[in-house]
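The values are calculated or read from the model by the stated rules, or taken from the named source; none is laboratory data. Just so it is clear, the model here is predicted, and its values are computed rather than measured. Positions of Cβ are generated from backbone atoms using ideal geometry, with glycine treated the same way; all protein chains shown enter the neighbour counts.
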Amino acid sequence: MVHKVLIVENEPEYYFNFKDILVNNGFDVGEFCPTYEDALELIESFKPDIAVLDIDLDSERTGIDLGNYLFQHEDIPFVFMTALNDREIFNKALHTHHQSFLVKTDLATDKEKVVRTILTVLNNYRQEKTKEVKEILGATGYKGYYQDLINNMGRKDFEFKKFIDFENIAYFSTDRAPNEKFEQLVGYKKGEELKKNYIWFQTDLDNEIFVMQTQLNQIEDLLPNYFVRINQQTIANISTKFLKKARTENHLYIYDQEFKIARKYRKEIDQKLSSKYI
């Protein structure tokens with residue numbers, strides 16, 4: 001797998017040195033990005049797996065501001081890299097939930113350390129995110145957006161958090177089409193679309209739905225074999241409990257929904273249906 005790295009750095013010399021190190025070690029690196037605003041645009045178009053942030057940027061907002069943004073709005077781990085030998089700056093950066101800290105001199109003196117740091121952060125972050133999906137047992141969901149609830153309530157231990165066994169989950173989805181399910185999910189913002197880097201899942205427990213801050217491809221390999229990818233937005237439970245009709249050429253009926261089957265997933269769906277029901 002080729003990891004995509006966004007380097008937010010206002011000095012071209014450091015950017016190109018860092019880019020060369022990463023490209024030579026198999027990474028895909030985004031274009032030169034010297035400002036906070038440039039970073040926001042590249043995050044949307046490049047979709048990095050990890051970001052490396054200089055603290056001083058060619059913009060009013062700093063790398064620390066960008067780190068705070070990433071923590072609050074994106075599912076992207078980030079590392080600070082700076083030439084500043086300033087304890088005050090370092091202490092401010094500690095409060096952004098960054099994953100590590102690099103010094104620019106490492107680009108010349110310890111290139112292997114730079115690569116190891118990036119790989120370690122990527123591995124640890126993936127493990128941390130998948131803790132929400134506990135082995136093959138179930139998933140932890142929230143009755144609303146996780147970060148919003150933390151911000152509004154000021155704590156992480158609240159009544160809207162619930163662990164759901166996989167056998168009670170009908171499907172996981174990232175479909176952002178406004179409908180009554182999202183009205184149930186967000187409640188106070190009727191018709192709001194699902195936020196980026198969140199998924200939601202339907203249960204048969206009082207017909208409730210829950211949201212998780214993760215991505216489908218991060219949980220897909222952790223799901224039991226009775227789940228199958230139907231299309232880019234949906235992974236469904238095809239056990240007899242939820243499979244309501246045999247599939248047609250283009251559709252599958254799960255629980256309370258009719259799903260369109262993407263061509264690229266038809267073979268896998270047929271194989272799983274055949275192994276379970278024939």
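A few remarks follow.
- Of the numbered criteria (1) closer than 11 Å to VAL8 by Cβ; (2) of a type in the set (D, E, K, R); (3) in contact with a strand residue (DSSP E or B) (Cβ under 9 Å, 6 or more places away or on another chain); (4) surrounded by fewer than 15 Cβ atoms within 10 Å (Cβ to Cβ), the one ASP58 fails is (3).
- Filtered residue count, segment 203-262, keeping only those that are modelled with pLDDT under 90, over 13 Å from TYR171 (Cα atoms) and among the β-branched types (Val, Ile, Thr): 3
- Being in contact with a Phe, Trp or Tyr (Cβ under 9 Å, 6 or more places away or on another chain) and touching a residue at least 60 places away in the same chain (Cβ under 8 Å) is true of ILE235.
- THR174 vs. criteria modelled with pLDDT under 90 and at negative phi: yes
- Any hit, segment 124-141, residues being out of contact with any Gly (no Cβ under 8 Å at 6 or more places or on another chain), at pLDDT 80 or above, under 24 Å from ILE50 (Cα atoms) and not assigned by TED's automatic domain parsing to the domain that holds SER239: yes
- Only residues that are surrounded by fewer than 15 Cβ atoms within 10 Å (Cβ to Cβ) and in contact with a strand residue (DSSP E or B) (Cβ under 7 Å, 6 or more places away or on another chain) were counted across segment 19-39, and they come to 2.
- Number of positions in segment 61-87 that are loosely packed, with under 15 Cβ neighbours inside 10 Å and either at pLDDT 90 or above or not assigned by TED's automatic domain parsing to the domain that holds SER100 (or both): 0
- Just one of (1) buried (at least 19 other Cβ atoms within 10 Å of the Cβ); (2) touching a strand residue (DSSP E or B) at 6+ places or on another chain (Cβ under 6 Å) fails for ILE43. It is (2).
- Segment 28-58, subset in contact (Cβ under 8 Å) with a residue 40 or more places away in the chain and more than 25 Å from GLN215 (Cα to Cα), residue nearest to the chain's Cα centre (by Cα): ASP54
- Those residues of segment 225-260 which are in a loop (DSSP other than H, G, I, E, B) and closer than 22 Å to ASP204 by Cα, in sequence order: ASN225, TYR226, GLN233, ILE238, SER239, THR240, LYS241, PHE242, ALA246, ARG247, TYR255, ASP256
- The residues of segment 107-118 that are surrounded by 14 or more Cβ atoms within 10 Å (Cβ to Cβ) and out of contact with any Ser or Thr (no Cβ under 8 Å at 6 or more places or on another chain), listed by number, are LEU107, ASP110, LYS111, VAL114, VAL115, ILE118.
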